[in-house]
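Novice: Would you mind keeping the following structure in view while I ask a few things?
The values are calculated or read from the model by the stated rules, or taken from the named source; none is laboratory data. All figures in this text were calculated on a predicted structure; none of them were measured in a lab. Every residue, glycine as well, gets a Cβ built from its backbone with ideal geometry; the counts of neighbours run over all protein chains shown. The accessibility values were calculated without ligands, DNA or RNA, using every heavy atom of the protein model including side chains. Shrake-Rupley method; radii C 1.70, N 1.55, O 1.52, S 1.80 Å.
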Amino acid sequence: MELCVLCRVVDNYGDIGFVYRLCRSLLECKLEIKLNIVVDNLKSFNFLMPHVQLEKDIQSVSFDFYFKGKAQTSKVNIYDWNAKSSCKQAFFRKNPKIILECFQCGRPDWLDELLFSPANKEKTLIINIEYLTAESWADDFHLLKSGTRSPLIKKVNFMPGFSSKTGGLLLDSPFLQDLQNIDLALKRVQPFFSEKMLSILQDDSFCKILLFSYKRDFSPLVKAFSRYNMEEKLCVFVANGISAKPFLSEIEAQKADFLHFELPALPQEVWDALLTLMNFCIIRGEDSFSRVCLAGNPFLWQAYPQKDEVQLLKVNALLSKMQGFFSTSDFCPIKNLFLSYNRVFNVPFSSLSDEIKEILGEETKTQFQKKEIEENLYLILKNLTQYKKAFSAFSEMLKSNGNLAKNLLNFIKNYSTNL
């Protein structure tokens, strides 16, 4: 089987991070797959895979993965989306039969020229792998067909998701191994952490928190962490990225004295291992979001901020999926924290849609909303043991939906059989 995987990088590492994980997961499921990745930002790919060379239009790179529990290596072809002449010449010899379009990325002009050329008589299946969402429309959209301008080019939508009616989430071997074996996770992070950081990761008396967020006002988080640190030991690991500087500045502004470390840039498997070692995560994006859902530890998700607070629809949909695993009293602080943390306060309440107004209930002034974030986060940190049971049950449900990579390959196999 030969697959052509397309990726346009919108988020610095989220899009290519998912593609990188997807491709390794596909190899884990089926060793003899041939993979061609077409990406428009080699620099972002190089961040995850230093072997990727920025100056090459076409290159072959070794991917490390596990197959039936054993370490394996496979060559994967990487194409620079922007290198029209080189790529068109390479694919002209053999048009791709199966294309994975990740996150509605579309196709390079040179590839469309080949696919829709009057001279092309070959059939191609395009699978649009959508963004992850807990919204109910994902169930209906999964495997829904879309039209193209050629009867030879078929297109279908494939939805990652939180229910058995979707394609599920990626269950890659290294991450699952880390979840089951804390010593293995510690061994994976060891080369990147100082002795002090490693000692804290192994110290059960510390509440270990990971912060990976979009920019926002971090004052209520720092206040909640400081309050908790007065009673129990706490350490915050601050992820490399756009949230690091404003969060560290807020710590300095409040003269907070809880222990914290700014992390270096970490390879994907090391980042995954770190997630499994945390007691609580504040997370953003999609790839890391799906990891933390599967990890089974309490977390707070920040959705990508959108116009008119539309991100709250996604947050509320996730809350609806999670609610059944919590008691009413335990779920109330979770819901309040998720919604208040995802608010954008420069949007007038009156301008919001009726659906979002219904989710929020009523307008809340910024200063009260900040206090609500502080109070709910503090309450959850105080009761992490009981919250972990609910988050663990939620993660087990997600795992029962199966592996996205395996479900995708099964779909391709059945589709090809019925052609």
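Novice: What accessible area per residue comes out for the chain, rounded to a whole number of Å², with a 1.4 Å probe?
Specialist: It amounts to 45 Å² per residue over the chain.
Novice: Counting Lys +1, Arg +1, Asp -1, Glu -1, what net charge surrounds LEU184 among other residues with beta carbon under 13 Å of its beta carbon?
Specialist: -2
Novice: For the chain, what is the calculated [θ] at 222 nm in deg cm²/dmol (nearest 500), taking -39500 (n - 2.57) for each run of four or more DSSP H residues and dividing by its residue count?
Specialist: That comes out to -13500 deg cm²/dmol.
Novice: Once neighbouring chains are kept in place and the probe is 1.4 Å, which whole percent of the accessible area of region 139-242 is contributed by carbon and sulfur?
Specialist: Carbon and sulfur together cover 50 percent of it.
Novice: Counting pairs of alpha carbon atoms under 8 Å apart in space and at least six apart in sequence, what relative contact order in percent does the chain give?
Specialist: Relative CO of the chain lands at 15 percent.
Novice: Related question: Against the longest alpha carbon principal axis of the chain, how many degrees, from 0 to 90 and to the nearest 10, is the axis of helix 366-382 turned?
Specialist: Once rounded, the angle reads 90 degrees.
Novice: Here's a follow-up. What trypsin sites (Lys or Arg not before Pro) in region 56-85 are in a loop by DSSP, with at most 14 other Cβ atoms within 10 Å of the Cβ?
Specialist: LYS68
Novice: So if I take the alpha carbon set of region 246-361, get Rg, then get Rh from the Kirkwood formula, what is the Rg over Rh ratio?
Specialist: 1.00
Novice: Could I ask something else about it? Can you tally the net charge around PHE368? Count Lys and Arg as +1, Asp and Glu as -1, for every other residue whose Cβ sits under 12 Å from the Cβ of PHE368.
Specialist: After counting each charged neighbour, the total is -1.
Novice: Could you work out how far apart the two model spin labels at SER164 and PHE92 are, taking each label as a point 7 Å from the Cα in the direction of the beta carbon, and quote it in nm?
Specialist: 5.1
Novice: Please list the three semi-axes, largest first and in whole Å, of the ellipsoid equivalent to region 78-138, using sqrt of 5 times the eigenvalues of its alpha carbon gyration tensor.
Specialist: They are 26, 14, 9 Å, listed from largest to smallest.
Novice: By how many degrees, between 0 and 90 and to the nearest 10, does the Cα long axis of helix 328-341 differ from the longest principal axis of the chain?
Specialist: So the inclination is approximately 70 degrees.
Novice: OK, next. For region 115-179, which trypsin sites (Lys or Arg not before Pro) are in a loop by DSSP, counting at most 13 other Cβ atoms within 10 Å?
Specialist: Those that pass, being in a loop and sparsely packed, are LYS121, ARG149.
Novice: Can you send over the solvent-accessible area of LEU144, 1.4 Å probe, protein chains only, in Å² to the nearest 10?
Specialist: Spelled out: LEU144, probe radius 1.4 Å, area about 80 Å².
Novice: For region 326-412, how many pairs of lysine residues have a Cα-Cα distance under 27 Å, where the two are 8 or more positions apart or belong to different chains?
Specialist: 19
Novice: Over all directions, average the projected area of the Cα convex hull of region 1-105 and note it in nm².
Specialist: Reported value for the Cα convex hull: 6.4 nm².
Novice: Check GLU262: other-chain or 5+ apart residues with amide H under 5 Å from its amide H, H built from backbone geometry?
Specialist: Amide H neighbours of GLU262: VAL238.
Novice: With each pseudo-label sitting 7 Å past Cα toward Cβ, what's the LYS215-LYS56 distance in nm, one decimal?
Specialist: The two pseudo-label positions are separated by 3.6 nm.
Novice: Sort ASP272, ASP57 by heavy-atom solvent-accessible area, probe 1.4 angstrom, most to least.
Specialist: My answer, sorted largest first, is ASP57, ASP272.
Novice: Ok, one more. Among bridges DSSP assigns within region 1-93, what percent are antiparallel (round to 5)?
Specialist: Here the share of antiparallel DSSP bridges comes out near 50 percent.
Novice: Only bridges whose two residues both fall in the chain count here: according to DSSP, what percent of them are antiparallel, nearest 5?
Specialist: Approximately 20 percent, going by the DSSP bridge assignments.
Novice: Cut-off under 21 Å on the C-alpha distance; same-chain residues fewer than 8 positions from LYS123 excluded. Which lysines are left, in chain and number order?
Specialist: LYS34, LYS88, LYS94, LYS97, LYS145, LYS154, LYS155, LYS413
Novice: So which chymotrypsin sites (Phe, Trp or Tyr not before Pro) in region 56-142 are both in a DSSP loop and have at most 16 other Cβ atoms within 10 Å of their Cβ?
Specialist: Here the sparse-neighbourhood loop sites are PHE116, TYR131.
Novice: Heavy atoms of the protein only, probe of 1.4 Å, neighbouring chains included. What is the accessible area of THR417 in Å², nearest 10?
Specialist: 100
Novice: Moving to a separate point now. Given that just one value was derived from the coordinates, which of (1) 22.4, 73; (2) 24.5, 73; (3) 28.5, 90 is Rg and Dmax of the Cα atoms in Å?
Specialist: (1)
Novice: Follow-up. What angle, in degrees between 0 and 90 and rounded to the nearest 10, separates the Cα long axis of helix 14-29 from the longest principal axis of the Cα atoms of the chain?
Specialist: Tilt relative to the chain: about 60 degrees.
Novice: Excluding same-chain residues fewer than 8 positions from LYS165, which aspartates and glutamates have a Cα within less than 15 Å of its Cα?
Specialist: In chain and number order, the partners are GLU130, GLU135, ASP139, ASP140.
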